[in-house]
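Structure first, then comments.
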Amino acid sequence: MMTNGGKLPMSTLGIVGEEIDKQAALASAALQGIAGVGPRAVLDMLGPYSAVLYIAERVVESDVFNAELVRSLHSKVLPLERMADSMLADARQRGYFDDPDVAEPLHWLETCNEQVKDCMVALESMLDPQLDDLMNAAVEEHQRGETVPLESIR
């Protein structure tokens, strides 16, 4: 990943930042307004949440690393991810996943939320380069057979 001095052109950084703010605000407002989970309410939230995911994926896949942008994106997406988690848990508890009118949009939201979680892990990894080293060391240790199943530890 090229760092380019850690800087994106200010115009690009500003545009991405504004779009993140706009979509995060829309998704947050929709999530907070989902007291009655219905297909329309879920779809109202899913559009901007998907846009936030799209932006996050582009940042993760970019050849240019900008720590300020990654931190900003992470801090704005984390509350949305938590709200979506809460909303999905509430929908499960209330049996909305069993309602054919609501289940499909909820499954779309669930899929989007899992993809957001993957992006969040990638963003965290970008901000902590030691995390990649720790993960690689753990994988190598496992491949050498130097790990034991958790059940065997007592």
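No lab work stands behind these numbers, since they all come straight from the coordinates. Keep in mind it's a predicted model, so treat the numbers as computed, not measured. Note that we place each Cβ from the backbone using ideal geometry, even for glycine, and neighbour counts take in every protein chain shown.
Some notes on this structure:
- Of the residues Gln23, Tyr49, Val60, the one whose Cα sits farthest towards the positive end of the charge dipole of the range 6-128 is Gln23 (charges of +1 on Lys and Arg Cβ, -1 on Asp and Glu Cβ, taken about the Cα centre).
- The P(r) of the range 6-128 has a tail past 25 Å containing 26 percent of all C-alpha pairs.
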